[in-house]
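Here is the structure we will look at, set down as structure tokens.
Read the figures in this text as sums done on the coordinates, not as results from a lab. Quick caveat: nothing in here was measured; it's all calculated off a predicted structure. Using ideal geometry, Cβ is built from the backbone for each residue, glycine included, and neighbour counts are taken over all protein chains shown.
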Amino acid sequence: MNTNLKVLSLVTSLLALGSCMISEALAEQWKGNTYGRADAPVTIEIYHDLNCGMCNYWYQKVFPQLDTEYFSTGRAKLVVREFPMIQNEKNMQLAVALKCAAEQDRYFDFLKGHFSYEGETDVHALAQQLHLDPKKFDTCLKDPSKVAEIESDIQAGKALNVPGTPSFGVNGTPVYGAYSIDKIRKIVDSVGSK
């Protein structure tokens, strides 16, 4: 192998390793459905639906910027609330599965895995792919308290008059349609300066 190919191969391997390490560091900051430092002065709540295209967009495009500016610096934390717009058995099972992945500290990985699926997410296949303990996962899926947690999230969203997903609360102040980093930045900075 010539020197250029060896260097290219080494650089590619290092980039892949770096990406993996960043992903692992990101996943380590998740505790249940909360991301960031517990003592952060600003709490951003996102009400999301796992079948919402704009929610997927938000996690792909806006979240990384907020992470850099707010979550990783301790200026804010993110609390994710399940808000299935259509509360049928399939959507509730998906939301419960996400809560069950959180119990095994794989919330963000499950979320990313779900949004990367083409078509319907097979929660058991995704759990297996993420190496979740199958017995704990299955037991959790049957736990009625998980549905109660989701119903609590839905009630909290209704109290904020959440019209759709994604919607946000910043220290309890509703923010509707805050898809852009600029809108969220402006609100977080004004709340954080009080």
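Below is a table of values for the structure above.
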quantity: Zone residues, segment 41-72, relative to THR173, backbone N less than 15 Å from point 7 Å out along Cα-to-Cβ; calculated: 41-45
quantity: Separation of the GLN93 and ASP133 label points, Cα + 7 Å toward Cβ, nm; calculated: 2.4 nm
